[in-house]
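Everything on this sheet refers to the single structure shown next.
The values are calculated or read from the model by the stated rules, or taken from the named source; none is laboratory data. Please read all numbers here as calculations on a predicted model, not as lab measurements. Every residue, glycine as well, gets a Cβ built from its backbone with ideal geometry; the counts of neighbours run over all protein chains shown.
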There are 2 protein chains.
Amino acid sequence: MNQAVIPKYQPLYQQIKEALLSRVMAGEWPPGTFIPSESSLAEQYSVSVGTLRKALDALANDNVVIRYQGKGTAVATHDSDRSLFQFFHLIGLDGSRCLPISRVLTRERRAATREEASALELEQEEEVVHIRRIRELDNRPALLEDLAVSATRFAGLEQEPTPLPNTLYHLYQHRFSHSVAHAEERLFAVAADADDNKYLGVEIGSPLLEIRRIAKDLKDTPLEYRVSRCETEHHCYFNKL
Amino acid sequence: MNQAVIPKYQPLYQQIKEALLSRVMAGEWPPGTFIPSESSLAEQYSVSVGTLRKALDALANDNVVIRYQGKGTAVATHDSDRSLFQFFHLIGLDGSRCLPISRVLTRERRAATREEASALELEQEEEVVHIRRIRELDNRPALLEDLAVSATRFAGLEQEPTPLPNTLYHLYQHRFSHSVAHAEERLFAVAADADDNKYLGVEIGSPLLEIRRIAKDLKDTPLEYRVSRCETEHHCYFNKL
DNA sequence: TACAATTTGTGCGTATGTATA
DNA sequence: ATATACATACGCACAAATTGT
């Protein structure tokens, strides 16, 4: 007979880790800023520096903070070059990595589709901001992208800013204080339709790579649902295991 | 002007980590067996237990060893359920994970193709063992797989064992002492050809997901090159970022 | 340039808790 | 109950990196 899983005991450094994570999530230290030093935090919580170190190391391991020897510990921004490539897995056939340039096609506020509501864990009636754009790599249209975010959580995104920046996650973080920390992707092979033909210049029926991504914050709340259709003649999806 | 990258200084626990990794690679402790205790290893290397702990924790983080409280530290087998799903990213549309059943179509020793030689870092003349098989999920053919390994490194694989086990990495480890530790995959969308039609039952020209994987050992030596063509009507490729 | 102050990284030692055999 | 092994927690000393004086 299995017992209900009640954490009878939680190591001290784990408790500290959760406490610090909560303060980060609450916005006490915005992304990019430095948090207090190990010694001062250890004093705050009345634990040894060693224990507090373990908590910070664990947070660093989870990409919540970044440690700089001699400087201090900063809250991760999730919009640095390194962090962006965490979510961008398309590379050239020669192995080159470069970020795409985006051009917005449509941008509107409307009711969520069933698929969007399910992915974002919203009610059927709720509204989303939907954006459709094409993204170019090496001056060639490479992706046709549809994305949706909660219209209440990202209020006004259908209007401002204009134009939209290339890297939306940066915008989410700075303008709406929603940092994308994790994501899960499902990949499919699909046949190109009329829109793909129009915007990507591929023949109708030709194979495309479809990437459906749900982007989540530190506490695994879904922030964005994104469907990218990608041509794989000049690029491919790269994954290191 | 940049200096040549000479590691002027290596932390002690990193040196210990490398030393232990070498002993694991050399087969001193085969996969699944337990290595000496922290205290005895600390004595061997004349370092503190704390330092040796950091080395072992780092190895555990790299999936080289597994730590069991109260029992000891074991060399990872890379063939446990958890470890197999590290490399198997296909899931059902409902999110279910199950391992496929394999049926071998061809199995032969022959000269490497240019693509295989390049992926396995072999000379053009060298021979490989090539295996083609189909893999079924839910009693439905889902993957058509071509794979190649060095015929010298995996001597006799074209003959024995018969039949081949479902999980080849298990065989590589136990019969040939080559453990697959990492891998890199490149994904493409391709059109089904006559073989795909014959073995997967999909229409010619319909979109398939092609996964090209290079499997490597602990020291990043390429062990296997594998190309899987997968139908994504009933399954998809799942990736957590 | 030199030096000091601050902060994280490394290394050591010890004591105690928890899991396993 | 005992012994062993890993996990947690504390404390200290020094190294390395950064910043400002």
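Tell me which residues, restricted to the stretch B:189-208, are farther than 21 Å from B:R133 by Cβ and in contact with a strand residue (DSSP E or B) (Cβ under 6 Å, 6 or more places away or on another chain).
B:A189, B:A191, B:G205, B:P207
Those residues that are within 12 Å of chain A (Cβ to nearest Cβ), closer than 20 Å to B:D79 by Cβ and not in a strand (DSSP E or B), I need them from the stretch B:203-234; list them, please.
B:D220
For B:P30, indicate whether it is more than 7 Å from DNA strand D (Cβ to nearest atom) and either away from every other protein chain (no Cβ under 14 Å) or of a type in the set (A, V, I, L, M) (or both).
Answer is yes for this residue.
Is it true that some residue in the stretch A:68-82 is more than 16 Å from DNA strand C (Cβ to nearest atom), acidic (D, E) and away from every other protein chain (no Cβ under 13 Å)?
Within the stretch A:68-82, one or more residues are more than 16 Å from DNA strand C (Cβ to nearest atom), acidic (D, E) and away from every other protein chain (no Cβ under 13 Å).
Among (1) in a strand (DSSP E or B); (2) away from DNA strand D (no atom under 16 Å from the Cβ); (3) among the polar types (S, T, N, Q), there is one condition B:S83 misses while meeting the rest; what is its number?
Result: B:S83 passes all but (1).
Here are some residues: B:R229, B:R186, B:R213, B:R175. Which one is surrounded by fewer than 18 Cβ atoms within 10 Å (Cβ to Cβ) and within 23 Å of B:V129 (Cα to Cα)?
B:R175
For the stretch A:25-32, state whether one or more residues are touching a Pro at 6+ places or on another chain (Cβ under 9 Å) and closer than 27 Å to B:A189 by Cα. Before the answer, list the steps.
Here is the first cut: in the stretch A:25-32, the ones touching a Pro at 6+ places or on another chain (Cβ under 9 Å) are A:29.
Still in the running and closer than 27 Å to B:A189 by Cα: none.
Scanning the stretch A:25-32, I find no residue that is touching a Pro at 6+ places or on another chain (Cβ under 9 Å) and closer than 27 Å to B:A189 by Cα, so the answer is no.
Among the listed residues B:A189, B:A215, B:A142, B:A148, identify the single one that is within 23 Å of B:G95 (Cβ to Cβ), modelled with pLDDT of 95 or more and among the small types (G, A, S).
Numbers: B:A215 fails: within 23 Å of B:G95 (Cβ to Cβ); B:A142 fails: modelled with pLDDT of 95 or more; B:A148 fails: within 23 Å of B:G95 (Cβ to Cβ).
Residue meeting the stated conditions: B:A189.
Just to be sure, is A:G205 small (G, A, S), surrounded by fewer than 21 Cβ atoms within 10 Å (Cβ to Cβ) and either over 25 Å from B:G92 (Cα atoms) or in the same structural domain as A:G32 (by TED's automatic domain parsing) (or both)? Talk me through it step by step, then tell me what you get.
On the way: small (G, A, S): yes; surrounded by fewer than 21 Cβ atoms within 10 Å (Cβ to Cβ): yes; either over 25 Å from B:G92 (Cα atoms) or in the same structural domain as A:G32 (by TED's automatic domain parsing) (or both): no.
Criteria not met by A:G205.
Residue by residue, here is whether (1) touching a Pro at 6+ places or on another chain (Cβ under 6 Å); (2) exposed (fewer than 15 other Cβ atoms within 10 Å of the Cβ); (3) more than 14 Å from chain B (Cβ to nearest Cβ); (4) touching a residue at least 40 places away in the same chain (Cβ under 8 Å) holds:
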residue	(1), (2), (3), (4)
A:T106	no, yes, yes, no
A:E116	no, no, yes, yes
A:L120	yes, no, yes, yes
A:E123	no, yes, yes, no
A:I131	no, no, yes, no
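Quick grid of which residues meet (1) among the aromatic types (F, W, Y); (2) assigned by TED's automatic domain parsing to the domain that holds A:H178; (3) within 12 Å of DNA strand C (Cβ to nearest atom):
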| site | (1), (2), (3) |
| --- | --- |
| A:K17 | no, no, no |
| A:L21 | no, no, no |
| A:A26 | no, no, no |
| A:F34 | yes, no, yes |
| A:S37 | no, no, yes |
| A:T51 | no, no, yes |
| A:K54 | no, no, yes |
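I need the full set of residues from the stretch B:172-185 which are more than 10 Å from chain A (Cβ to nearest Cβ) and outside any loop (DSSP other than H, G, I, E, B), in order please.
Answer for the stretch B:172-185, where residues must be more than 10 Å from chain A (Cβ to nearest Cβ) and outside any loop (DSSP other than H, G, I, E, B): B:Y172, B:Q173, B:H174, B:R175, B:F176.
Listed residues B:F238, B:F188; which is closer than 30 Å to A:L218 by Cα, at the interface with chain A (Cβ under 9 Å from one of its Cβ atoms) and part of a strand (DSSP E or B)?
B:F238
Mind listing just one residue for me: the one in the stretch B:65-80 that is crowded, with 18+ Cβ neighbours inside 10 Å and part of a loop (DSSP other than H, G, I, E, B) and, of those, farthest from DNA strand D (Cβ to nearest atom)?
B:D79
Going by the structure shown, is B:I91 in a strand (DSSP E or B) and either farther than 22 Å from B:D79 by Cα or modelled with pLDDT of 95 or more (or both)?
Working: in a strand (DSSP E or B): yes; either farther than 22 Å from B:D79 by Cα or modelled with pLDDT of 95 or more (or both): no.
Considered against the rule, which asks whether it is in a strand (DSSP E or B) and either farther than 22 Å from B:D79 by Cα or modelled with pLDDT of 95 or more (or both), B:I91 comes out as no.
Hey, any hits in the stretch A:186-206 for a residue that's closer than 16 Å to A:Y225 by Cα, small (G, A, S) and in contact with a helix residue (DSSP H, G or I) (Cβ under 9 Å, 6 or more places away or on another chain)?
No.
For the stretch B:33-64, which positions are away from DNA strand D (no atom under 12 Å from the Cβ) and more than 22 Å from B:A181 (Cα to Cα)?
If the condition is that a residue be away from DNA strand D (no atom under 12 Å from the Cβ) and more than 22 Å from B:A181 (Cα to Cα), then B:Q44, B:Y45, B:S46, B:V47 are the ones that fit.
Just name the residue that is surrounded by the fewest Cβ atoms within 10 Å (Cβ to Cβ) out of those in the stretch B:32-44 that are in contact (Cβ under 8 Å) with a residue 24 or more places away in the chain and out of contact with any helix residue (DSSP H, G or I) (no Cβ under 6 Å at 6 or more places or on another chain).
Here the answer is B:T33.
Criterion first (modelled with pLDDT of 95 or more and either crowded, with 21+ Cβ neighbours inside 10 Å or more than 9 Å from chain B (Cβ to nearest Cβ) (or both)) does A:L164 satisfy it?
In short, no.
Within the stretch A:10-27, count every residue that is within 14 Å of DNA strand D (Cβ to nearest atom), part of a helix (DSSP H, G or I) and away from chain B (no Cβ under 14 Å).
Residues meeting the conditions: 8.
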